[in-house]
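The values are calculated or read from the model by the stated rules, or taken from the named source; none is laboratory data. Everything quoted here is computed from the prediction, not taken from an experiment. Here the Cβ positions follow ideal geometry from the backbone for every residue, glycine too, while neighbour counts run over all protein chains shown. Calculation scope for accessible area: heavy atoms of the full protein, side chains included, ligands and nucleic acids excluded. Shrake-Rupley method; radii C 1.70, N 1.55, O 1.52, S 1.80 Å.
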Amino acid sequence: MAQLATLPVLPSAPHYTAYKPRPFKREEREDVTLLFGGLTWKHERMMQGVLHNLKYKAEPLPNIKREDLDVGKELIDTGACCPTIFTTGNLASFLKEKSATHGKEHVNNKFVYLTAGACGPCRFGQYHQSYAMALDGLGMKDFRMFLLAQDELDQGEGEGGGLQINMPMSLGLIWSILCGDVITDLEYRIRPYETVPGQTDKVLQESVEYMYQAYLNRPLQGGKWGTMAWHLTTDYFTKALGEVRKMWDAIEVDRLRPKAKVKITGEFWLQTHEGDGNYNIKRWLESEGAEVIPPPVAVWLHYLMHPEIRKLERRQSTSKHPQLEHKLLQVLEKVYRGTYNRFRKALANIPYELPDQIELINLAKPFYHFELRGGEGHMLVGKALYSYHHKKAHMVCELSPYSCMPNTMSIGSMANVMGRYPDLLYAPIEVKGDAEVHALSRCQMILTEAKRRAQQEYEETLKETGLTVEAIRQYEAQHPEVKKATYKVPHMGHAGEATNYVLHLARDKQIARA
Amino acid sequence: MRIPTLPTWFATKASSAPTKKDRSQVRVGIPKVLNVWSTHQFWVGFLKALGVQPENIIFSSDTSEEQGREHGKGRGTVDCCYPVKCISGHYGELVFGQKKKINVLLSPMLYSIPSVLRGNVVDTLTCTRVMAGPESVKAGFLKERDVFAEQGIKYASPFVSLGDPHCVTDQLYDGLKDVFELDKKETEHAVAAGYAALDAFNAKARGQSRKILEWCAINQKPCILVMARPYHMDTGIGHEIEGELQAHGYPVLWLQYLPGDLDLLNWLFEEDMRIGRCKNPFDINDVWTSSYSSNTNEIMWGAKVAARCPWITCVVRLSSYECGMDQPTFTPAQKIVEATGTLFFKFGDLDSTKPAGSVRIRIETITHYLSKYSEDIIRKKRAYLSDQGPLLEGEWPERPEVEAESPAPQEQQEQVISVV
Ligand code: SF4
Ligand code: SF4
């Protein structure tokens, strides 16, 4: 072949180039709003506190609406999974609306979008391709979008220096997510039993606002390692959560309402979301007489960081000290769990503990290999079996986006699980975004059986313990602390809250038999 | 667990020295699905090195609706893309449809795969359905009772990252030691033999593609690049669309076997490298940033090669119904190809039944455009490349000037869109 250096200059062929955002400059920071989204309003409000604390202008995208699905469908290639369509539509709707008032140029210059990226062969790994296509379709290729890698806490300065994904930002965001999780757990454990309708939601609002302020006023401590050390040792957040707990003390609950406990699992975005994107299924389940166990984002982060699960991802590592690195990751994982437990404790241990990832691997082993990537991987099988074996829920409701690649595979392997555990109540719900009646009626069928089991277990427990509702009411009148939302009822080996409550009073509080 | 019908298989000699087991009677069935299509020679080389006789390595047939009806009925556990859905039929054929029974059903969970792009992309992972497919499909054979055990078959589904050779010995040893009574040393040897067989096969196939391109260059004739996933080579999945095009006299190249020779690629991407679009001919960062998935990465690379190579005047994209991996690539791949006026046609939503009527009409359209525009496309793309190229040593016709107008006539672009 002719030597490159000696060749004459050639004409350049026309060429397609992938989306690349222009730099976001440091001096623009005060003037440009960071947009973000994808979690619940509670998580997002606290994350906003973190970003405001770091002197960014920041705003979560509006909650997903049904119409976002249509907007998204119009802008990207057909056949996308519904989380991609919804989130693309959500961003596009916002940009369209803002552009209509302020013009495209203003929006291009005054907003940037921050999204999760770098996460394997599907899921977030390719969301941004769809966003880029939507921007093209909207004629807004100049709009800037940046990826937040989930496996790097300190990515340094982005091009232009406007965005610094550093330790104070990453740890702040992770900590706010963990707080969002424990407060969400609290919410779902209390609301079905509140005696004053609407009180939980009101206290929830106040709590989230309080936590927003806590994040807004987070004292920033030194550089990279100083920030890390401070976050790991400070009681700043647990104190704030302690104040939140006091707010929840005021809620009175009636736990003698036997309810089917429904564990939500599924694709990450779909299970976390609260709104039209998943037919508001968590609220719907509550309205149908269930208590929902929401999926904490923390479990997903735990999965992402777990040194055993992610071993293969370090297969190309050029590290000189792989063993030391592995040990460090093990320590980090322990610290992570410890932090989550401290937050739980600040809320009277009412939020659920994180499942042991090794146990999830082992439970899923005969059905789904833990190193298979994409989506929730083996966790869907693992979590279903975890709640079955530990009697954490009467039923598992798995939210699966239509055409989701990994979810279809784990649903397939659940056929094998169901063959071995025929009494596991499992409702895989396919979510297209526009077929609500079909999805909810499928769920209803399994829920009916779950409710029957909850009622039966409760009645049998009353019979076994010899307790009556009257006797319990009498005890409650004398010991009003047990009616507080923040009173911890231990897990007594049953899924139902009412059943565990009766057993707890009978065994631990020794209420006299009728 | 030993297979009782074959006591000799696992028999070891009394000596304590490591000896090669006699596996000459072991029959291994391999479902010919998904990325087995691009790695089959590894498995053949691996098993042969373990002493399995070539005639005892049985691949299932090409996918067909009859295969599914006869052997896979009632065993599907989920509704998804056809390349995965059809696997139950392949399993069933190997379990129930063999005159001489197999002893092992080997269905690897392929996590990553070898790729010419390795080192230039983030990763070379398989699609999540490709890697997890076996877990989902096996459920259909285990949910009521263990069909494999009933049939005296050992089900072996090792998790393996073939794209990372240094991990493979351990993975295959862990996944197959009980099935074949392996020791580590012979596993290592068999893995090396597997890679050698795969490399030799790929080199040969790529060499043949190069010969096709040379023929096209010498004769100034066009050829077609099929841009698809490897398993679209399966006649039941890709529906032999490329065969119909070939029948019209157009040579066909498959993306998976494009020549990877540096002399050729440096020539094609010379200007792109000079102006910094890409670092080397295998760099796809300019067109696709989330380069995790191996097959997707190669599709993007193939699109780039097609956009540059003068004699590839047409790209035919095949994609299966409900393919989540292809979905985000449709527009970028088409835009890459069409940027230089190369024809682009897509057969999307391929499913179990061949859409014979519409395929016929499209083939007519494609061949019409090929005959009408190829000469023009070759001339225009040639203008972006230097005078001396590797395909035509010393015989290069003069390089034409770049023309001012768009390389693809407007009429052609509109027609292309309507056929997609
Ligand atoms: S996990 Fe499923 S729904 Fe989520 S991005 Fe991947 S394919 Fe889409
Ligand atoms: S790449 Fe597409 S067709 Fe292939 S297994 Fe994955 S989803 Fe199915």
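Quick notes on this structure:
- Within the range A:120-174, if we keep just the residues that are at pLDDT 80 or above and on the phi > 0 side of the Ramachandran plot, the residue that is surrounded by the most Cβ atoms within 10 Å (Cβ to Cβ) turns out to be A:161.
- Some residue of the range A:220-243 being touching a strand residue (DSSP E or B) at 6+ places or on another chain (Cβ under 6 Å) and open to solvent by less than 40 Å² (accessible area, probe 1.4 Å): no
Listed here are the residues, each with its yes/no results for (1) outside the structural domain of residue A:270 (by TED's automatic domain parsing); (2) open to solvent by less than 30 Å² (accessible area, probe 1.4 Å); (3) assigned to a helix (DSSP H, G or I).
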site: A:49; (1), (2), (3): yes, yes, yes
site: A:64; (1), (2), (3): yes, yes, no
site: A:68; (1), (2), (3): yes, yes, yes
site: A:86; (1), (2), (3): yes, yes, yes
site: A:89; (1), (2), (3): yes, yes, yes
site: A:96; (1), (2), (3): yes, no, yes
site: A:108; (1), (2), (3): yes, yes, yes
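- If you filter the range B:77-132 down to residues that are more than 25 Å from residue B:28 (Cα to Cα) and small (Gly, Ala, Ser), you find that the one that is nearest to ligand 1 (Cβ to nearest atom) is B:115.
- Within the range A:175-189, not a single residue is of a type in the set (Ser, Thr, Tyr), open to solvent by less than 20 Å² (accessible area, probe 1.4 Å) and more than 17 Å from the chain's Cα centre (by Cα).
- Test: residue in the range B:379-396 that is closer than 30 Å to residue A:130 by Cβ, modelled with pLDDT under 95 and within 14 Å of chain A (Cβ to nearest Cβ): no
- Within the range A:256-281, the set of residues being of a type in the set (Lys, Arg) and either touching an Asp or Glu at 6+ places or on another chain (Cβ under 6 Å) or free of Cβ contacts under 8 Å to residues at least 60 places away in the same chain (or both) comprises A:259, A:261.
- For the range B:312-329, a residue qualifies if it is surrounded by fewer than 24 Cβ atoms within 10 Å (Cβ to Cβ) and either closer than 27 Å to residue B:385 by Cα or assigned by TED's automatic domain parsing to the domain that holds residue B:80 (or both), and exactly one does: B:316.
- Scope the range B:315-340; condition outside any helix (DSSP H, G or I) and more than 8 Å from chain A (Cβ to nearest Cβ); matching residues: B:315, B:316, B:317, B:318, B:319, B:320, B:321
- Residue B:265 meets all of the listed conditions (1) over 19 Å from the mean Cα position of the chain (by Cα); (2) at the interface with chain A (Cβ under 9 Å from one of its Cβ atoms); (3) in a helix (DSSP H, G or I); (4) under 23 Å from residue B:212 (Cβ atoms) but one, namely (2).
- Any chance residue A:80 is more than 30 Å from residue A:210 (Cα to Cα), within 14 Å of ligand 1 (Cβ to nearest atom) and open to solvent by less than 40 Å² (accessible area, probe 1.4 Å): yes
- Any hit, the range B:157-169, residues being facing chain A (nearest Cβ under 9 Å), open to solvent by 20 Å² or more (accessible area, probe 1.4 Å) and part of a loop (DSSP other than H, G, I, E, B): yes
- Flag if residue A:354 is open to solvent by less than 60 Å² (accessible area, probe 1.4 Å) and not acidic (Asp, Glu): yes
- Qualifying residue in the range B:188-209 (condition: crowded, with 21+ Cβ neighbours inside 10 Å, in contact with a strand residue (DSSP E or B) (Cβ under 7 Å, 6 or more places away or on another chain) and not assigned by TED's automatic domain parsing to the domain that holds residue B:360): yes
- Selection within the range B:341-378: residues that are open to solvent by 50 Å² or more (accessible area, probe 1.4 Å) and hydroxyl-bearing (Ser, Thr, Tyr). The member of this set that is farthest from the other protein chains (Cβ to nearest Cβ) is B:371.
- Complete set of residues in the range B:255-294 that are touching a Pro at 6+ places or on another chain (Cβ under 8 Å), open to solvent by 10 Å² or more (accessible area, probe 1.4 Å) and closer than 29 Å to residue B:161 by Cα: B:256, B:261, B:262, B:292
- Within the range B:232-262, the set of residues being within 14 Å of chain A (Cβ to nearest Cβ) and within 16 Å of residue B:284 (Cα to Cα) comprises B:262 only.
- Residues satisfying the criterion are present in the range A:21-41 (criterion: buried (at least 19 other Cβ atoms within 10 Å of the Cβ), under 33 Å from the mean Cα position of the chain (by Cα), within 14 Å of chain B (Cβ to nearest Cβ) and at pLDDT 90 or above).
- The range A:323-349: number of residues that are more than 30 Å from residue A:243 (Cβ to Cβ) and surrounded by 14 or more Cβ atoms within 10 Å (Cβ to Cβ): 3
- Check on residue A:375, open to solvent by less than 10 Å² (accessible area, probe 1.4 Å), closer than 30 Å to residue A:86 by Cα and in a loop (DSSP other than H, G, I, E, B): yes
- Given (1) more than 14 Å from chain B (Cβ to nearest Cβ); (2) in a helix (DSSP H, G or I); (3) aliphatic (A, V, I, L, M); (4) within 16 Å of ligand 1 (Cβ to nearest atom), index of the condition residue A:399 fails: (2)
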